[in-house]
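Participant: First the structure, then my questions, so here it is.
The values are calculated or read from the model by the stated rules, or taken from the named source; none is laboratory data. These numbers come from a predicted model, not from an experiment. No Cβ is skipped: glycine too gets one built from the backbone with ideal geometry, and neighbour counts run over all protein chains shown. Areas reflect the complete protein model, heavy atoms only, side chains present, ligands, DNA and RNA absent. Shrake-Rupley method; radii C 1.70, N 1.55, O 1.52, S 1.80 Å.
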Amino acid sequence: ALEFANNTLQSDKEVVHAAVEEEGEALEYAIDKFRSDRDFVIPVFKRLGCTVGDHMSLKEIFLAEVQKRGDFLKFADDSIRADKQVVLAAVANNGVALKFAKPPLNQDVDCMKAAGIFDQDE
């Protein structure tokens, strides 16, 4: 499983491709370079049942998917995990998704409120 592979294997496009062909969820453990490659991830997303339009950016795809399944954020590259709009949508759906957000968003008051960590009035 890609989860337990060393960095060299997680960086090998053929290895990562084979792993995500076998189990799309393995994308979570791929290096950022592959998770940010639209041509690489779109077929994976389609196998995972995502709605993917031909002209949708990765951000648009993630924004749509995290609203249905917040933990989908785990498949995002670092730039998406650092996007407040996407993170807010993810944690509003599933507060646990906050663990996939990049700093400083994983400590952001708005994000923590949306995740249900803080009372909205605090």
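Participant: In whole angstrom, note down how far apart the Cα centers of region 1-51 and region 55-71 are.
Facilitator: Spelled out, the Cα-based centre of one part sits 17 Å from the other.
Participant: Per residue, how much accessible surface does region 9-97 expose to a 1.4 Å probe? Answer in Å², no decimals.
Facilitator: Working: 4300 Å² over 89 residues.
For region 9-97, the solvent-accessible area averages 48 Å² per residue.
Participant: Does region 1-58 classify as rounded, prolate or oblate by the C-alpha gyration tensor (a ≥ b ≥ c root eigenvalues; a/c under 1.5 gives rounded; else a/b over b/c gives prolate, otherwise oblate)?
Facilitator: prolate
Participant: Continuing with the same structure: Using a Förster distance of 22 Å, how high is the FRET efficiency between Ser36 and Val96, based on the Cβ-Cβ distance and rounded to 0.05? Mind showing how you got there, number by number?
Facilitator: On the way: r = 23 Å, r/R0 = 1.05.
Efficiency, from the Cβ-Cβ distance: 0.45.
Participant: Which of rounded, prolate or oblate describes the chain when judged by the alpha-carbon gyration tensor and an a/c cut-off of 1.5?
Facilitator: Taking the square roots of the gyration eigenvalues as a ≥ b ≥ c, the chain is prolate.
Participant: Here's something else I'd like to know. Of all trypsin sites (Lys or Arg not before Pro) in region 1-57, which ones are in loop regions per DSSP and have a Cβ with at most 15 other Cβ atoms within 10 Å? If you can, show how the numbers build up before the last one.
Facilitator: Details: sites: Lys13, Lys33, Arg35, Arg38, Lys46, Arg47; in loops: none.
Here no loop site has a sparse enough neighbourhood.
Participant: Can you send over the carbon and sulfur percentage of the accessible area for the chain, probe radius 1.4 Å, protein chains only?
Facilitator: Carbon with sulfur: 49 percent of the solvent-accessible area.
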